[in-house]
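The values are calculated or read from the model by the stated rules, or taken from the named source; none is laboratory data. Model, not experiment: these values are computed from the prediction. Backbone-built Cβ (ideal geometry, glycine too); neighbour counts: all protein chains shown. What goes into the accessible areas is simple: the full protein's heavy atoms, side chains included, and nothing from ligands, DNA or RNA. Shrake-Rupley method; radii C 1.70, N 1.55, O 1.52, S 1.80 Å.
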Amino acid sequence: EGRVEVYHDGKWGTICDDQWDDRDAEVVCRQLGLSGNPKALSWAHYGQGSGPILLDEVECSGNELSLDQCKKSDWGQQNCDHIEDAGVSCDPFTVTNPPAQDPAGSLRMAATCGSREQAAEGTIRLAGGRSPSEGRVEVYYSGDWGTVCDDGWTDLSAQVVCRQL
């Protein structure tokens, strides 16, 4: 669960919650490779993002494989402030092998990649991966993001990270 961010034209940005509903959340959960009970959350429920607001007026039927297939405004065309950042919960979630993809059109949850100003102490994220479900583990501590040493790292450690994300 977290604020939904989308990668387009070389940058990450948020999605405005105008028209945002559970059908959009279903597509986000599917695109992220997560199953569970999709729930759309609005009014920056998971905190306000920073940077561009890249999408607005997203209207999915719920059957699409990605947000790119949904009806929506043109990229960057919006009339919102970050107080309207869209969020999603896919709880209870399980990873279901998302397809590898180029960063363009990728999604992420803010819980995995929150901005410096919004991250809570102990928040973790994946960075540098080919998809939202892989990458270097980083943790937010004392106002900065840092990496995690792999001494003693096991599959059990990775499972804990996946559950936390």
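Things worth noting here:
- Test: residue 138 is modelled with pLDDT of 70 or more, surrounded by 19 or more Cβ atoms within 10 Å (Cβ to Cβ) and not assigned by the TED database to the domain that holds residue 26: yes
- Applying the set (1) more than 17 Å from the chain's Cα centre (by Cα); (2) at pLDDT 80 or above; (3) loosely packed, with under 13 Cβ neighbours inside 10 Å to residue 148 leaves exactly one unmet item: (3).
- Residue check, residue 34 open to solvent by less than 60 Å² (accessible area, probe 1.4 Å) and either in contact (Cβ under 8 Å) with a residue 60 or more places away in the chain or over 25 Å from residue 129 (Cβ atoms) (or both): yes
- Scanning the range 116-135 for residues that are loosely packed, with under 11 Cβ neighbours inside 10 Å and in contact with a strand residue (DSSP E or B) (Cβ under 6 Å, 6 or more places away or on another chain) returns a single hit, 128.
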